[in-house]
Amino acid sequence: MPAALALSGPFATEPDSWHPATLLETVRAAEQAGLPFVILPDRIAAADGTGAWPDATLLAAWLAASTQTIGFLAATSAVGHQPYNLARRIASLDIISGGRTGWFVRNDDEANERAAFSGATRLPEGNSAERIAEFVSVVRGLWQSWDADALLLDRESGRFLDPSKMHVLNHQGPHFSVQGPLNVMRSPQDLPVLAVDGGTRDAEADLVITPNTFTIRGSDSEPHTLLVVENPAEAARLLASGPNDSPPKQATLRSRLGLIKETRS
């Protein structure tokens with residue numbers, strides 16, 4: 001398994017920082033090098049106006065349209081979203097990319113995001129571990145709203161879908177109440193890939209991300225290298241010096257990583 005790429009550093013604030021053209025060039029180079037995925041940051045500006053990145057799900061959609069095989073993990077915090085909204089965006093992104101996307105659950109609790117999105121009254125104790133765990137559970141449940149064969153599209157019988165294969169979540173928890181189902185059909189890869197920070201305890205996550213490595217669920221091998229790059233020049237050097245694998249044929253991110261296919265029991 002080749003290394004994966006994690007983007008960091010400033011976006012469009014300095015001459016050598018990331019901007020759309022260099023971002024696309026870097027992602028295409030990573031694809032040609034055979035890397036399975038890129039982690040896209042998703043941060044709002046600090047009080048001094050620095051550190052902001054565009055919405056990672058929108059960036060992933062734009063990049064997916066200009067690539068063929070590489071996957072994208074949106075490193076999106078649970079602070080600025082509701083579970084249904086984020087589940088729908090990631091599921092939609094996975095469909096339009098052909099099954100090449102996923103969500104990297106950021107478990108950091110940035111004051112900038114809480115101030116911008118929620119205010120002190122809504123999350124007085126911050127984005128707690130309990131809230132994050134419930135958020136992830138709801139998103140995962142919504143992604144399983146539809147079985148893969150739920151749509152019948154049978155003209156002769158006049159049946160559009162099999163209602164027994166549509167699942168209402170009916171979640172009632174301390175932080176969220178979500179009925180469901182998700183109004184997006186099931187992912188081309190069954191479920192989008194779910195990645196968590198190394199400090200998060202989630203046995204069901206597909207990937208565990210640490211600062212310089214990522215671990216694949218069910219894999220007996222050593223953790224794989226995560227290339228964290230601060231700017232386009234650094235990315236170009238790493239991608240030019242590292243071992244290149246032939247780009248694979250188009251496949252879902254889940255299958256490229258050798259992850260067990262998710263199925264509803």
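Average the reciprocal distances over every distinct pair of alpha-carbons in region 1-102, invert the result, and give the Kirkwood radius in Å. Walk me through the numbers on the way to the answer.
Details: mean 1/r = 0.0707 Å⁻¹.
Evaluated over region 1-102, this radius sits at 14.1 Å.
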Item to check | Contour excess over end-to-end distance, with Cα ends at Ser66 and Asn85 and 0.36 nm allotted per residue | outcome: 4.3 nm
Next on the checklist: Starting from the Kirkwood Rh over alpha-carbon pairs, what translational D in µm² s⁻¹ does region 156-241 have by Stokes-Einstein at 37 °C and 0.692 mPa s?
Outcome noted: 190
Next on the checklist: What whole-number distance in Å separates the alpha-carbon centres of region 160-206 and region 8-48?
Outcome noted: 28
Checklist outcome for this item: The simple spin-label model distance between Ala12 and Thr213, using points 7 Å out along Cα→Cβ, in nm, is 3.7
Checklist outcome for this item: Length gained if His175 through Glu25 is fully extended, taking 0.36 nm per residue and subtracting the Cα-Cα distance, is 49.9 nm
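Counting Lys and Arg as +1 and Asp and Glu as -1, what is the net charge of the other residues whose Cβ lies under 14 Å from the Cβ of Gln68? Each step should come with its number before you reach the end.
Working: positive: Arg28, Arg100, Lys249, Arg256; negative: Glu31.
Around Gln68, the surrounding residues sum to +3.
Every number in this text was worked out from the coordinates using simple rules, so none of it is lab data. On a predicted model such as this, the values are computed, not experimentally measured, just so you know. We place every Cβ from the backbone using ideal geometry, glycine too, and count neighbours over all the protein chains shown.
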